[in-house]
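Reading through the structure tokens given below for one structure.
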Amino acid sequence: MNKNDNSSNPNSTIEEKRKRIRHSTAHVMADVVTQMFPEAKLAIGPPTNDGFYYDFLIPKPFTNEDLEKIEKKMAKVINSNFSFEYHEYTKKEIIEQNKDEPLKLEIIDGIPENETISTYSHGNFEDLCAGPHVESTKEIIAFKLLNVAGAYWKGDESRPMLQRIYGTAFESQDALDTHLSNLEEAKKRDHRKLGKELDLFSIDDQVGSGLIIWHPNGAIIRTLIEDMWKKEHYLSNYNLIFTPHVGKANLWETSGHLEFFKENMFSAIEMDNVDYYLKPMNCPFHIKYYQSDIRSYRDLPLRTSEIGTVYRYERAGVLHGLLRVRGLTQDDAHIFCRPDQVEEEINGVLDLTLKIMHTFGFNDFSIKISTKPTKAVGEDEKWELATNSLKNTLEKRNIEYEIDEGGGAFYGPKIDIHIKDAIGRFWQCTTVQFDFNLPHRFGLTYIDDNGKENQPFMIHRTLLGSLERFFGILIEHYAGAFPTWLAPIQAMIIPITDKHYEYCKEISEKLSANNIRVKYDTRNERMNYKIRDAQNKKIPYMIIVGDKEIDTKSGSLRKRTGENIGVLSIDDIQNMILEDSLQNNNS
RNA sequence: GCUCCAGUGGCGCAAUGGCAGCGCAGCCGAUUUGUAAUCGGCAGGUUAUAGGUUCGAAUCCUAUCUGGAGCUCCA
């Protein structure tokens, strides 16, 4: 019996084929590793989205040299054209077969009694496995081992640390090469690298890990994002507020953060025998604003928003550049509304999200609704109303979404929006989250049209997520070449010789006066050097000026793409840059 | 937090037990240049921190800190 035959299956996609190839490559790797390191015990070796891994229990971790040796030996095995054979066993037989593989025995133990237990073998190597595989090792055309890392057995930190080898495999050398060059491309776009090169931000040991220093170039971009964000929020009838960075323990007790979120909070600051905590979230402050007055049904919806910096203690190993930090600035808002307003509010949030995301050049989204988990607070009708509003809003707009059944937080359903970047990666930014817990804990009310007290719906929402993280995503999305409206410097004026400095200054002043971010380069270097430098700094426009331009009151315009537009009047240059600086222009 | 790897001028790197060096950036000077790097000079380091081994440590050992690849986590 052979379960590998998929030749007659028209639904067999390239993804499925790759899965088989990768899964099979993982087997070949395990084969070689057990030959080279007889003491290694096998864990699991599945295919992943873009490769595979195999986990081994082994006293000494693998080195890079080991990896090279393993890779060479794998090539030999693959060239032997072993076929993958399917076998079935009784539980008793398989236990006997794996008596020296403690981790395999644990997996076998978890297989239900009545289920078929299968293995696949190639050459002398046989591994507990449900398949499927390729028919023969010769179908593994191109593979590469990538790196080694520790991984907990069954992802449980209390279990032993295994050694995981990552690799990838493809049906052709070309496909593998493309994949490897995509990895290179992602490395080139790494926001940590570009952050240094373009002088956007830094993280300093002495300040602390996960705490961002925004340099002038980064700060210009942040300011532009914030200004645009504020403008759009005022247009959408949000109230912008400011709230403190610390609050007394009592507040966090009422909100439940000290009960449920304490391990992510910075320790207490004690003053005058009272504990204060740095805020890990803005919501309690927004609630306090809500409660600063009696609210009537006529006041609702009440939308409070704030670009608020919060502090969360993240474990050292999870910090990552701008993408995972300890001090993050949320573009936060809270909507307090009546049940009959819920759907319209969700709709409004969606409008605003899409508008803002389009402005940043994100046009592909993946949307997920998470519904009620088994352990939850709040009445069923509220969950139902909220969840249906989320679904209805998307359906009325013909937006596709997935449902994560039971994936919501205990306090309410939510919708997450993932944006697709220029190289096809998805990032989660926007979340819109109902909260049935805080209104209850704080006893939020509004007076309805019968003069009776009612509890409002409360919705947390953040569009960009955190400014730090979003900035990191933007850097990688644009590979540092920000669109003109976001570019820290929009134009660099480059004189041909030092005779032209005066004219540079003149046009610089004119363009600045018209809100163009412009600089001119008076270093003692040649024009070509300055062009190269401006281009490396990804400045959208270069204006080169010499005798000819002075005579005709013009400039020679060049783009960072290398395109030479030619000599234009200063007015034309100015208009061109201003036109290109419009926020909805993402070219 | 865990496993492994790494930390050398602002940045990128070299020196593997025996004189801390190179390139870029910076500064000074020469050059006055027409669309991606002109030439010469100068300056810049307690080799992450603390301790140890050694006649001698960037290099070996221990601890701490920081970063990286992952794991776990991201009510």
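The values are calculated or read from the model by the stated rules, or taken from the named source; none is laboratory data. Bear in mind that the values here come from a model prediction, so they are computed numbers and not experimental data. Cβ: placed from backbone, ideal geometry, glycine included. Neighbour counts: every protein chain shown. Surface accessibility is based on the protein's heavy atoms, side chains included, excluding ligands, DNA and RNA. Shrake-Rupley method; radii C 1.70, N 1.55, O 1.52, S 1.80 Å.
Being crowded, with 18+ Cβ neighbours inside 10 Å and within 16 Å of residue A:421 (Cβ to Cβ) is the filter here, so list the residues in segment A:362-378 that pass it. I'd like the intermediate steps shown before the answer.
As a first pass, look at segment A:362-378 and keep what is crowded, with 18+ Cβ neighbours inside 10 Å: A:362, A:365, A:369-372, A:376, A:378.
Result: A:362, A:365.
Note on segment A:398-448: residues that are without any contact (Cβ under 8 Å) to a residue 40 or more places away in the chain and hydroxyl-bearing (Ser, Thr, Tyr) amount to 3.
When you go through A:267, A:305, A:255 one by one, which is the residue that is surrounded by 20 or more Cβ atoms within 10 Å (Cβ to Cβ) and outside the structural domain of residue A:213 (by TED's automatic domain parsing)?
Details: A:267 fails: surrounded by 20 or more Cβ atoms within 10 Å (Cβ to Cβ); A:305 fails: outside the structural domain of residue A:213 (by TED's automatic domain parsing).
Step by step, each of A:267, A:305, A:255 is checked, and only A:255 is surrounded by 20 or more Cβ atoms within 10 Å (Cβ to Cβ) and outside the structural domain of residue A:213 (by TED's automatic domain parsing).
Taking segment A:379-400 as the range and being open to solvent by 60 Å² or more (accessible area, probe 1.4 Å) and more than 22 Å from residue A:456 (Cα to Cα) as the test, the residues that pass are A:395, A:396, A:397, A:398, A:400.
Do the conditions hold for residue A:552, that is, is it more than 29 Å from residue A:214 (Cα to Cα), open to solvent by 20 Å² or more (accessible area, probe 1.4 Å) and touching a residue at least 40 places away in the same chain (Cβ under 8 Å)?
Values: more than 29 Å from residue A:214 (Cα to Cα): yes; open to solvent by 20 Å² or more (accessible area, probe 1.4 Å): yes; touching a residue at least 40 places away in the same chain (Cβ under 8 Å): no.
No, not satisfied.
Sort through A:189, A:222 and tell me the only one that's touching a residue at least 12 places away in the same chain (Cβ under 8 Å), surrounded by 17 or more Cβ atoms within 10 Å (Cβ to Cβ) and not assigned by TED's automatic domain parsing to the domain that holds residue A:461.
Values: A:222 fails: not assigned by TED's automatic domain parsing to the domain that holds residue A:461.
Answer to the selection: A:189.
Of the residues in segment A:12-61, how many are of a type in the set (Lys, Arg) and in a strand (DSSP E or B)?
Applying the first criterion (of a type in the set (Lys, Arg)) to segment A:12-61 yields A:17-20, A:22, A:41, A:60.
Those still in the list that are in a strand (DSSP E or B) too: A:41.
Residues meeting the conditions: 1.
Mind checking whether some residue in segment A:89-106 is touching a Phe, Trp or Tyr at 6+ places or on another chain (Cβ under 8 Å), open to solvent by 40 Å² or more (accessible area, probe 1.4 Å) and closer than 16 Å to residue A:47 by Cβ? Within segment A:89-106 (the criterion being touching a Phe, Trp or Tyr at 6+ places or on another chain (Cβ under 8 Å), open to solvent by 40 Å² or more (accessible area, probe 1.4 Å) and closer than 16 Å to residue A:47 by Cβ), the answer is no, since none of the residues qualifies. Residue-level check: of (1) in contact with a helix residue (DSSP H, G or I) (Cβ under 8 Å, 6 or more places away or on another chain); (2) within 16 Å of RNA strand B (Cβ to nearest atom); (3) closer than 30 Å to residue A:190 by Cβ, residue A:334 misses just (3).
In segment A:475-587, counting only strands (runs of 3 or more DSSP E) that sit wholly within it, the ones holding 2 or more residues that are in contact with a helix residue (DSSP H, G or I) (Cβ under 8 Å, 6 or more places away or on another chain) and away from RNA strand B (no atom under 13 Å from the Cβ) span A:518-520. Taking (1) within 12 Å of RNA strand B (Cβ to nearest atom); (2) in a loop (DSSP other than H, G, I, E, B); (3) among the aliphatic types (A, V, I, L, M) in turn, residue A:294 satisfies each apart from (1).
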